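The values are calculated or read from the model by the stated rules, or taken from the named source; none is laboratory data. These figures come from a predicted structure and were not determined experimentally. Cβ placement follows ideal geometry from the backbone for every residue including glycine, while neighbour counts extend to all protein chains displayed. Areas reflect the complete protein model, heavy atoms only, side chains present, ligands, DNA and RNA absent. Shrake-Rupley method; radii C 1.70, N 1.55, O 1.52, S 1.80 Å.
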Amino acid sequence: MKIERAYTIVTCPGRNFVTLKIVTGDGAYGVGDATLNGRELAVKAYLDEHVIPCLIGRDSRTIEDIWQYLYRGAYWRRGPVTMAAIAAVDMALWDIKGKHAGMPVYQLLGGRSRHGVMVYGHANGRDHGEAVEAVGRYIDMGYKAIRVQSGVPGLDKAYGVAKGDLYYEPAAKGLPDEEIWDTSLYLRHTPELFRKVRDAYGYDHHLLHDGHHRMTPIEAARLGKDLEPYRLFWLEDATPAENQEAFRLIRQHTTTPLAVGEIFNSIWDCKDLIREQLIDYIRAAVVHAGGITHLRRIADFASVYQVRTGCHGATDLSPVCMAAAVNFGLWVPNFGIQEYMRHTPETDAVFPHNYWFEAGFMMMDEVPGLGVDIDERLAAKYPYERAYLPVARLRDGSMWNW
Ligand code: KDG
Ligand code: MG
C-alpha cells in the first residue's frame with residue numbers, strides 16, 4: 001500500500017511525547033513513538049523536515065527496505081535523534097502491516113513464546129524505611145519483580161526517588177535541576193537497603209537496582225560484590241558504557257548479573273558487551289534502538305551468547321513504545337524481563353491501548369497491529385512544554401552523570 005500521508009503529533013499529558021502517524025492510500029494507519037526525553041523537538045524536526053518527505057509514495061509493506069533507506073541513506077548513521085526517528089517509522093509500518101494482515105505484530109514476528117511478559121515495577125522511597133514499605137505495596141499488587149531505589153542519607157536527591165508512590169517522573173519544566181552526588185555515601189548505604197528488603201520479604205521475588213551510570217568500574221565492582229548475598233536479578237547501568245571494555249573489570253569481580261543499554265541506539269553500541277558475555281541483559285528499547293526491525297537484530301545476536309532482553313520502559317517511553325515492547329516480548333525467544341513504569345491516567349487516556357497488567361505480567365489480546373492508538377483531539381488539549389532531565393554535580397562542583 002502506498003504511503004499517502006505522515007505527520008508528527010506532540011502532546012504533553014503530564015509529560016512530553018512525540019508520535020508519528022503514517023497513513024496509507026486505503027485509509028489504514030500506523031503509529032510510532034519518537035520521544036527522546038528532553039530533546040523531543042529535535043526528533044520531530046528530523047522527521048518533519050528530513051524523513052517524511054522521503055516516505056510519501058513508498059510501499060508501506062517494504063519495512064526492511066525503508067529501514068535500510070533511512071539508515072544507510074542518511075549517510076550520517078546512528079545517534080539517538082536519527083534512531084528514534086527511524087524507530088517511529090518502523091513501529092508505524094509494523095502497525096500497518098499487522099492491520100493489513102489482520103494479526104497482532106507478535107504473530108507476524110513468529111507468534112507467542114509465552115502467555116505474558118514479566119514486568120518489573122519501581123518501588124522507591126526517600127529513605128530505606130519508605131523504600132521497604134513500597135516494596136510491600138508492589139508485592140501486594142502482584143509484581144514478581146521489583147526494582148528498589150532509595151534516597152541516600154546525607155544527599156538531598158538520589159536517582160529514582162519519586163514525589164508520590166506509583167508515578168516517577170524525573171523530567172521537569174524550566175531549566176535542568178542541579179543535584180549534588182556523592183558515590184561513597186551511596187556505596188555505603190545501598191547493600192544495607194537490600195539486606196532490609198530481603199529481611200522483610202524473603203527471597204521469593206526478583207529484586208533489581210539501577211546505578212544510573214554513576215559509578216566508576218571499580219566502584220561498580222565493589223557494589224556488585226556487596227550485593228551478592230541478596231541475589232539481585234540485575235544491577236543496571238553500573239557504569240557508563242561508551243567504553244564497552246569498562247564492563248570487563250566489573251565482570252571479573254562479581255557474579256551479580258549486569259544489565260545495560262537503555263541509552264544504546266544500535267547493535268554497534270553493545271556488540272562487544274554481548275560477544276564477550278560482559279552483560280546478562282540488554283536494555284535497548286524499541287524507540288531508541290531503531291524500532292522492532294533493529295531490536296530484533298540485537299536480540300538475535302544476543303541469543304547466541306545467552307544474553308536476554310530487559311527493555312527500558314520508563315515513563316518517557318510512550319504507551320506506543322510499550323505496546324511495541326509487549327508485542328516484541330511476547331515473541332522474542334531470549335526474553336528476560338520488561339520494565340513497566342506506570343503512565344499517569346492522563347497519558348493512558350491519550351493513548352488507548354490493548355495491554356494490561358495482570359499478576360506480574362503484561363498481557364495482550366489478539367488485536368491487529370501494535371494494539372495502541374492516539375486520541376488526537378485529546379492530545380491537542382495538552383500542548384508541548386519544554387522540560388529537562390536533571391543534571392548532577394559532585395560536591396566540589398564538577399559535572400557528573402545524572
Ligand atoms: O529519560 C531517562 C529515563 O528514562 C531514565 O532515567 C529511566 O533509568 C531509567 C530506567 O531505568 O527506567
Ligand atoms: Mg535505567
Name the one entry in L235, L175, L193 that is within 16 Å of ligand 1 (Cβ to nearest atom) and in contact with a strand residue (DSSP E or B) (Cβ under 9 Å, 6 or more places away or on another chain). L235
Restricting the range 234-249 to residues that are of a type outside the set (G, A, S) and under 17 Å from the mean Cα position of the chain (by Cα), which is farthest from C311 (Cα to Cα)? P240
Single unsatisfied condition, D348 versus (1) assigned to a helix (DSSP H, G or I); (2) farther than 19 Å from E366 by Cβ; (3) within 14 Å of ligand 1 (Cβ to nearest atom): (3)
Would you be able to say whether some residue in the range 318-328 is surrounded by fewer than 24 Cβ atoms within 10 Å (Cβ to Cβ) and among the hydroxyl-bearing types (S, T, Y)? no
Looking at V18, V51, can you tell me which residue is over 23 Å from P352 (Cβ atoms) and buried (at least 22 other Cβ atoms within 10 Å of the Cβ)? V51
Answer with yes or no whether E339 is charged (D, E, K, R), under 30 Å from F301 (Cα atoms) and at pLDDT 95 or above. yes
Note on L278: of the conditions (1) within 16 Å of ligand 2 (Cβ to nearest atom); (2) assigned to a loop (DSSP other than H, G, I, E, B), unmet is (1)
Among the numbered criteria (1) touching a strand residue (DSSP E or B) at 6+ places or on another chain (Cβ under 7 Å); (2) within 30 Å of A200 (Cβ to Cβ), which one does G142 miss? (1)
Select from the range 245-300 the residues that are over 20 Å from S318 (Cβ atoms), within 15 Å of ligand 1 (Cβ to nearest atom) and hydrophobic (A, V, I, L, M, F, W, C) and list them in ascending order. L258, A259, V260, I279, I282
What is the one condition in (1) buried (at least 20 other Cβ atoms within 10 Å of the Cβ); (2) in contact with an Asp or Glu (Cβ under 6 Å, 6 or more places away or on another chain) that P390 does not satisfy? (1)
Cβ pairs under 9 Å, 6+ apart or interchain, first in the range 314-339 and closer than 24 Å to L20 by Cα, second within 15 Å of ligand 2 (Cβ to nearest atom) and in a helix (DSSP H, G or I), ordered by first then second residue, are L317/A325; Q338/A325; E339/A325
Scan (1) buried (at least 23 other Cβ atoms within 10 Å of the Cβ); (2) in a loop (DSSP other than H, G, I, E, B) for the single condition A314 breaks and write down its number. (1)
Test I279 against the criterion of being buried (at least 22 other Cβ atoms within 10 Å of the Cβ), aliphatic (A, V, I, L, M) and either in contact with a Leu (Cβ under 6 Å, 6 or more places away or on another chain) or touching a residue at least 24 places away in the same chain (Cβ under 8 Å) (or both), and give yes or no. yes
So G116 passes all but one of these: (1) under 16 Å from G291 (Cβ atoms); (2) touching a strand residue (DSSP E or B) at 6+ places or on another chain (Cβ under 8 Å). Which condition number does it fail? (1)
Looking across the range 363-378 at residues that are β-branched (V, I, T) and part of a loop (DSSP other than H, G, I, E, B), the single one that is least open to solvent (accessible area, probe 1.4 Å) is I374
For D48, state whether it is in a helix (DSSP H, G or I) and touching a Ser or Thr at 6+ places or on another chain (Cβ under 8 Å). yes
Do we have any residue at all in the range 302-310 that's more than 20 Å from W94 (Cβ to Cβ), within 16 Å of ligand 2 (Cβ to nearest atom) and crowded, with 24+ Cβ neighbours inside 10 Å? yes
On the given criteria, is T35 open to solvent by less than 10 Å² (accessible area, probe 1.4 Å) and part of a loop (DSSP other than H, G, I, E, B)? yes
